[in-house]
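What follows is one structure encoded as structure tokens, with my remarks underneath.
The values are calculated or read from the model by the stated rules, or taken from the named source; none is laboratory data. All of these numbers come straight from a predicted model, not from anything done at the bench. Note that we place each Cβ from the backbone using ideal geometry, even for glycine, and neighbour counts take in every protein chain shown.
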Amino acid sequence: MKPLIQFENVHVAFGKNKVLRGLNLDIVDGESITIIGGSGSGKSVALKLLLGVLTPDQGHIYFQGRDVTTMIEKELIEMRKKFGVLFQGSALFDSLTVRENIAYPLREHFHHSEQELDRIVTNKLALVSLPGIEKMMPSDLSGGMKKRVGLARAIATDPKVILYDEPTTGLDPTNTQRINRLILQLKQKLKITSIIVTHDMDSAFKVSDRLALLKDGKICFVGTIEEVQHSKDSMVRGFIEGKMGDGEAIASVGGI
């Protein structure tokens, strides 16, 4: 079966910083795959490339068999409807209510009635275990609640793929576990493909079908949780044991 997403020999540089140096990765429909690597290793850059926000200097990226790198803006807009993104900082609009935050991508891409918007928002809030908070403002929410509202917005358009950019960063252990459970539950309930980038190895082991280690601009290892845990590869062991420090990574270019 052909992969849902393919990165083929992808290169990206920002000035003299060569971020990706031949990235190759296949992602299967319906799986949860976590991309791990040091800070600035290019994890978030890979997600930007997949969305067509950045264009590679060399190589190709395919989604459902179509080359994202050759799409014009109109085609990219249509493609992005199939993606939901949980941003690292939740990225809620402070001036909008929870309802309007979740409805925002629906207003951008579709023509739903207000009644239909209400139904969708209510449904998505229930899926992230936050019923009845439609009228609250982001300033009224805890950090964990903001993440979940951000997740409700990410699934509002019934995407085929969800991109999670450091989904547990800044959360306490209780909320981290809650987000991990939601990632698994949404995969099962919505039959979606999940791509996670994170430094949190505990979370990565809990939510992933496979892990992909990004180092020196390339995927140097891909395997199941069991394969990672039993790997003798020095780079894999080094990362798991926290020995591959951020000093080895190139300068970060930020989140999505």
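Any residue at all in segment 31-43 that is assigned to a strand (DSSP E or B) and of a type in the set (K, R)? Reasoning before the result, please.
Step one: of segment 31-43, the residues assigned to a strand (DSSP E or B) are 32-36.
From what's left, of a type in the set (K, R): none.
No; the residues of segment 31-43 include none that is assigned to a strand (DSSP E or B) and of a type in the set (K, R).
Of all residues in segment 222-240, how many are touching a residue at least 40 places away in the same chain (Cβ under 8 Å) and either part of a helix (DSSP H, G or I) or farther than 21 Å from E31 by Cα (or both)? Can you show your working first?
Just the residues of segment 222-240 that are touching a residue at least 40 places away in the same chain (Cβ under 8 Å), to begin with: 222, 239.
Keeping just the survivors that are either part of a helix (DSSP H, G or I) or farther than 21 Å from E31 by Cα (or both) gives 239.
Number of matching residues: 1.
Here is a list of conditions, (1) more than 21 Å from G38 (Cβ to Cβ); (2) in the same structural domain as E31 (by TED's automatic domain parsing); (3) at pLDDT below 95, and S194 meets all of them except one; can you say which number that is?
(3) is the only condition that S194 fails.
Just one of the numbered conditions (1) over 18 Å from the mean Cα position of the chain (by Cα); (2) farther than 22 Å from A152 by Cβ; (3) not basic (K, R) is not true of D94; which one?
Every listed condition holds for D94 apart from (2).
Checking D200 against (1) under 18 Å from V121 (Cα atoms); (2) out of contact with any His (no Cβ under 8 Å at 6 or more places or on another chain), only one condition comes out false. Which one?
(1)
Within segment 180-189, can one find any residue that is within 20 Å of I33 (Cβ to Cβ), of a type in the set (A, V, I, L, M, F, W, C) and part of a strand (DSSP E or B)?
No: zero hits.
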